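Single-structure report; data block below.
The values are calculated or read from the model by the stated rules, or taken from the named source; none is laboratory data. Note that the coordinates shown come from a computational prediction; the quantities given were computed from them, not determined experimentally. Cβ atoms come from the backbone with ideal geometry, glycine included; neighbour counts cover every protein chain shown. When the accessible area is computed, the model is the full protein with side chains, heavy atoms only, and any ligands, DNA or RNA have been set aside. Shrake-Rupley method; radii C 1.70, N 1.55, O 1.52, S 1.80 Å.
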Amino acid sequence: MKPARLRVRLRRTLLSSFFVCAAGVVAVPAVAIDLPRARSVPGGVLLVELGAASARPSVTLDDQPVLVVADEDKGRDRWMAVVGLALDSPTGARELVVRREGVADERRSFVVEPVRYAEQRLKVAPGKVDLSAEDLARYERERAHLAEVAATRSEAAPATLRLQQPTAGRRSSSFGLRRIFNDQPR
């Protein structure tokens, strides 16, 4: 398989789990994990094997909790961190902090590699790119509400990290295109 096509297939699979991470699920018991190992890129998901431990370790990235699941493929006492990387994640060296009961914190380094996503450049009426004062106020209200929603965390265990396809039919892309309206990235 060509590398570009492999990256697209990998991204499709990984993005389904990213939304679980973004929803704030921070710890779950054993779930089905059928995600391939991948390199870390902005907008991607990194899987980090944490090894064996009798209790679930706690993992953070930039002081934010990271989803930790039991790795059923390797046994119920084996753990894996599922790290969702924001689309605006800076490239370069990053560090996870792994905390286990009765043991000093462990630091796991990884590198966020640059990636160039497919783009779509569109020319549209200026009023459709720059928001009116009324639309900007609505955006700010909705953004504040969504920030509250995104900040919530749940200990509830999902049955799987896979999400269902939202609608029937051929998928053009799981990730979508990076849109640039009138030479302004959005």
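For residue 89, the amide hydrogen comes within under 5 Å of the amide hydrogens of 43, counting only partners 5 or more places away or on other chains and with H modelled in the peptide plane. Take 87-93, 60-66, 49-55 and order them by the average number of nearby Cβ atoms within 10 Å per residue, most first; the result is 60-66, 49-55, 87-93.
Taking every protein chain into account, the accessible area of segment 47-186 amounts to 70 square angstrom per residue (probe 1.4 Å).
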